[in-house]
Amino acid sequence: MNQTLKQALDNYYMTIKENRPNYRTCYNSLLEYCDLNYSQYSLNEMFEKHINIWDIKQACKLYVESSKKATSIEAVQRFLTAVDYFCKYLKENNIRCEKLEGGCRKKKTVHDICVSLNNELEQKIYLPFDGEEELKIVESQIALLNRQNFYQLGQSIIYRLLTTYGFKEKVVINFKLRDFDDQTGKLMVCCNEENSINIDLPEEIYRDLVIYCNLNKYQEREYLFTKSNGTCLTPDSMFGTLKTRMKKMDVANFTPTSVALYGVANLVEEGLTLAEIKLLTGFETQKIDDVAQYLLTDEDAEELINRKIRGGVKWQGQ
């Protein structure tokens, strides 16, 4: 074991343990990773010459894999923040981690770690499908779908519904044909047994949904969207054609849930409350909260909250 690194981690942790007790396991995993890969180097050499963001991603994966509780986006963010604080401590002690000076806690880093973990863990860490390049690839493939094939046109419509409204997959699967009014362009969303919402569809989705309904040869069907054989959709068949193409192009994290969470992220940024998003999308509170946490990754939370309060609060007498 690298005793110098262990001592530095222990010394720093002693200064923060009252406010950050859960950083202990983060630092244990960082120490374990460094022992496995850099035990031959001094503390200075390790952080000044060798450790980079790839190493931090691997150490974070070790942290998640070894902890039964670290199964969320928040846990990944916690680890990256703990490393950033430790690097700041090292800098104050004349050890500069130049390869990490831009900070470890970044949305792209969180994204990369979660996607990598999802290929290895049974319990997935769900995050939005929001990679800039990946979105461009999907949109280019949607443009190539056969609009005369109702099943392929349906995938294009479903993708736009998910990215616009964030519907959980079961909400889309359970849309009934009667829920769509082809005269007004309204789609009824049955939120629960007591509530339903009629949403005004954007013109493009409305127009394509009318075309889809005319193309679908199963005119007496119960459900709005179906497989090519007229049977009810499943999570695997919602994006059947697109999913196959994304796999061939090595595009990771393309699932109905991840696409829907991208829609949830858009709703959060539009200012909808958690209760409103939960009602509309069908997602449980934890997933919505995870998305909100994910969106905060690149933000200064303190500055953001103060700015919003300053912009929204009206003082007495105004």
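The values are calculated or read from the model by the stated rules, or taken from the named source; none is laboratory data. Computed from a prediction, not measured in an experiment: that's the story for all the values here. Cβ placement follows ideal geometry from the backbone for every residue including glycine, while neighbour counts extend to all protein chains displayed. Note: areas computed on protein heavy atoms with side chains; ligands, DNA, RNA excluded. Shrake-Rupley method; radii C 1.70, N 1.55, O 1.52, S 1.80 Å.
Residues checked against (1) under 29 Å from V83 (Cβ atoms); (2) open to solvent by less than 20 Å² (accessible area, probe 1.4 Å); (3) in contact with a strand residue (DSSP E or B) (Cβ under 8 Å, 6 or more places away or on another chain):
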{"position": "L117", "(1), (2), (3)": "yes, yes, no"}
{"position": "D130", "(1), (2), (3)": "yes, no, no"}
{"position": "E134", "(1), (2), (3)": "yes, no, no"}
{"position": "I137", "(1), (2), (3)": "no, no, no"}
{"position": "Q152", "(1), (2), (3)": "no, no, no"}
{"position": "Q155", "(1), (2), (3)": "no, yes, no"}
{"position": "K168", "(1), (2), (3)": "no, no, no"}
{"position": "L187", "(1), (2), (3)": "no, yes, yes"}
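Per the listing D182, D208, the residue uniquely farther than 18 Å from L261 by Cα, touching a residue at least 24 places away in the same chain (Cβ under 8 Å), among the acidic types (D, E) and surrounded by 15 or more Cβ atoms within 10 Å (Cβ to Cβ) is D208. Applying the criterion of being of a type in the set (S, T, Y) and part of a loop (DSSP other than H, G, I, E, B) to the residues of region 8-48, the residue that is farthest from R96 (Cα to Cα) is S39. What residue, of I197, I205, is modelled with pLDDT under 95 and among the hydrophobic types (A, V, I, L, M, F, W, C)? Just one listed residue meets the conditions, I197. Taking S67, is it of a type in the set (S, T, Y), assigned to a helix (DSSP H, G or I) and out of contact with any Lys or Arg (no Cβ under 9 Å at 6 or more places or on another chain)? Judged against the criteria, S67 is not a match.
Residues in region 251-285 that are open to solvent by 30 Å² or more (accessible area, probe 1.4 Å), among the polar types (S, T, N, Q) and in a helix (DSSP H, G or I) were compared, and the one that is farthest from D130 (Cα to Cα) is T285. Are there any pairs, at least 6 apart or on different chains, whose C-beta atoms fall under 6 Å, with the first in region 45-57 and under 18 Å from E32 (Cβ atoms) and the second open to solvent by less than 40 Å² (accessible area, probe 1.4 Å) and among the hydroxyl-bearing types (S, T, Y), and if so, which? If the second residue must be open to solvent by less than 40 Å² (accessible area, probe 1.4 Å) and among the hydroxyl-bearing types (S, T, Y), the pairs left are M46/Y38; H50/Y38. Of the candidates I125, I113, I137, the single residue that is of a type in the set (A, V, I, L, M), over 16 Å from I211 (Cα atoms) and touching a Lys or Arg at 6+ places or on another chain (Cβ under 6 Å) is I113.
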